[in-house]
Amino acid sequence: MRIVLQRVKEASVAIDGQLYNEIEGGYLLLVGITAGDSEEIAEKMAAKVHDLRIFEDENGKMNLAIEQIGGQVLSISQFTLYANCKKGRRPSFDQAARPELASPLYDYFNEALRRQGLVVKPGIFGAEMKVRLLNDGPVTLILDSSELF
């Protein structure tokens, strides 16, 4: 599982020209799933996202977790995080999980975040989405389960 996590002041997702979900502050997560991923990995990744302390405290240090600032999560499925650009000019997506695995695991990951106590607002798996964000910092992290666990 690969996640691009962006600390945001605000973020939203529109589908078919209509606002679908939005948050005022917290994390925008772009979530990619590969064939070897499991519910166990999704649980570990949810815990990692929950536990990160990347919001500034009163001294300007990254010392606060998302719950401490009342933040929310906008979670967007993103199979292109597993693009392979080694050959040619067009990426291959062979490493991305098939939708029949990725869709339920994306839902499971979002539920795991909710069980951690976070407010999660998802996009729609497989939909054409327009995502807007105001990155805060900017702070952008890449979390890859193959490197973390």
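The values are calculated or read from the model by the stated rules, or taken from the named source; none is laboratory data. All values reported here derive from a predicted model rather than from experimental measurement. Because the Cβ atoms are built from the backbone with ideal geometry, glycine has one as well, and the counts that use them run over all protein chains shown. Heavy atoms of the whole protein, side chains included, go into the accessibility calculation; ligands, DNA and RNA do not. Shrake-Rupley method; radii C 1.70, N 1.55, O 1.52, S 1.80 Å.
Per-structure values
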item: Solvent-accessible area per residue for the chain (1.4 angstrom probe, square angstrom); result: 57 Å²
item: Cα radius of gyration and Dmax for the chain (Å); result: 15.2, 49
item: For Pro122, net neighbour charge (Lys/Arg +1, Asp/Glu -1) across residues whose Cβ lies under 11 Å away; result: 0
item: Solvent exposure, largest accessible area first (probe 1.4 Å, DNA, RNA and ligands not counted), of Arg132, Arg98; result: Arg132, Arg98
item: Degrees, to the nearest 10: 39-51 long Cα axis against longest axis of the chain; result: 30 degrees
item: Computed label-point distance, nm, for sites Glu10 and Val119 using a 7 Å Cα→Cβ extension; result: 1.5 nm
item: 0 to 90° range, to nearest 10: angle between helix 99-115 axis and the chain longest Cα axis; result: 10 degrees
item: Cα-centre dipole for segment 1-144 with unit charges at Cβ (Lys and Arg positive, Asp and Glu negative), debye to 20; result: 620 debye
item: Point-charge dipole on Cβ atoms (K/R +1, D/E -1) for segment 65-149, about Cα centre, debye to 20; result: 380 debye
item: Compactness index (Cα Rg / 2.2 N^0.38 Å), segment 14-85; result: 1.34
item: Residue (of Leu28, Phe93, Gly60) at the positive-pole extreme of segment 18-135, dipole from beta-carbon charges; result: Phe93
item: 12 Å beta-carbon shell around Pro104, net charge (K/R +1, D/E -1); result: -4
